[in-house]
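The values are calculated or read from the model by the stated rules, or taken from the named source; none is laboratory data. Model, not experiment: these values are computed from the prediction. Cβ coordinates were reconstructed from backbone atoms using ideal geometry, including for glycine residues, and neighbour counts include every protein chain displayed. Accessible surface is based on the protein model in full, side chains and every heavy atom, while ligands, DNA and RNA are left aside. Shrake-Rupley method; radii C 1.70, N 1.55, O 1.52, S 1.80 Å.
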Amino acid sequence: MSIWKLFEALEPLLELGLNHEQQHQELLVTDIKYILGHNPLFPAYTKEEKPRQNSSEDLEMLRFSEGVYEIGYKGDGFCFDNELGRHKVYLPDFEIASRLVTNSEYLEFMKAGGYEDFRHWHAEGWDWVKQNAAKSPLYWHYIENKWMYYTLNGLQEIDPDAPLCHINFYEASAFASWKGMRLPTEEEWETASVYFDWGTRWEWTNSAYLPYPHFKKEAGAVGEYNGKFMINQMVLRGASEATPPGHSRNTYRNFFQPNLKWQFTGIRLAQ
């Protein structure tokens, strides 16, 4: 086999490996924050300030009519196997928020007793609240009558207009219920994503992580990459400030267990 033929055969595997490494780069950021954020001294990882993320604009509900839409990756570039199999989905009328939920909006939920009101929680989520004495998002600390938040720049006062971060699926779903709304499905999110800004937070959806129609596991080790995780996880859409540049697209299907919240996760409402 010529060197060029060998390269052609290895190119898809190399491309997958490079994209997998980008996933590890993102996880490294989340792990660093988790370790330093649980240090009682709250040390800063960097002095470089990131641009202020502001979501204070008025919340607008974008309306979409009942119909048949297409989702899934389409193109010649790279995607993971769980994005493949572009297919049609039927969606009833729905509305989706133009922006993410902010810290101040979530704080209203907390002040209203959201963590004490079982009515808004899944049964499993309510068990999680009680077992963990949950009262706030990850990295939030109530110090001297103020809510503080650990960032990679150190401990700072909560920015009320910044998009909420580090909440799990249970919390996201409970907040949506408290607001009389819900989380979008991943089909709704992908359909609507061209009409709103995304990429500052991984956004919880109300969709279980399951295979698309005609999904097929590849032979060998590559087949282990996504298929074996398609159980007991919920889909996240979008990207976050920790995502490497060029590693995001609106068909990307991230996934996470519903009780975990050390990923840079946020909430977009739907109804």
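Among the residues making up the range 201-232, those that are hydroxyl-bearing (S, T, Y) and either at positive phi or surrounded by fewer than 19 Cβ atoms within 10 Å (Cβ to Cβ) (or both) are Y212, Y225.
Evaluation of E66 against the conditions (1) among the acidic types (D, E); (2) open to solvent by 40 Å² or more (accessible area, probe 1.4 Å); (3) within 23 Å of G238 (Cβ to Cβ) shows that the sole unmet condition is (3).
The residues of the range 192-220 that are of a type in the set (G, A, S) and within 11 Å of the chain's Cα centre (by Cα) amount to a single one, G199.
The range 122-200 holds strands (runs of 3 or more DSSP E) entirely within its bounds, and those carrying 3 or more residues that are open to solvent by less than 60 Å² (accessible area, probe 1.4 Å) map to 146-151. Filtered by the rule that a residue be within 20 Å of F169 (Cα to Cα) and either in a strand (DSSP E or B) or small (G, A, S) (or both), the range 220-251 gives M234, V235, L236, R237, G238, A239, S240, A242. Counting only residues that are more than 13 Å from F80 (Cβ to Cβ), aromatic (F, W, Y) and in a loop (DSSP other than H, G, I, E, B), the range 252-271 holds 2 of them. The lone criterion from (1) touching an Asp or Glu at 6+ places or on another chain (Cβ under 7 Å); (2) not polar (S, T, N, Q); (3) not in a loop (DSSP other than H, G, I, E, B) left unmet by Y90 is number (1).
Scanning the range 236-271 for residues that are in contact with a Lys or Arg (Cβ under 7 Å, 6 or more places away or on another chain), polar (S, T, N, Q) and open to solvent by less than 20 Å² (accessible area, probe 1.4 Å) yields S240, T265. Among the conditions (1) outside any loop (DSSP other than H, G, I, E, B); (2) in contact with a Ser or Thr (Cβ under 6 Å, 6 or more places away or on another chain), the only one that R63 does not satisfy is (2). Scanning the range 1-42 for residues that are among the polar types (S, T, N, Q) and either outside any helix (DSSP H, G or I) or open to solvent by 80 Å² or more (accessible area, probe 1.4 Å) (or both) returns S2, Q25, N39.
Without any contact (Cβ under 8 Å) to a residue 24 or more places away in the chain and either in a loop (DSSP other than H, G, I, E, B) or not polar (S, T, N, Q) (or both) - does that describe any residue in the range 93-109? Yes, because at least one residue in the range 93-109 is without any contact (Cβ under 8 Å) to a residue 24 or more places away in the chain and either in a loop (DSSP other than H, G, I, E, B) or not polar (S, T, N, Q) (or both).
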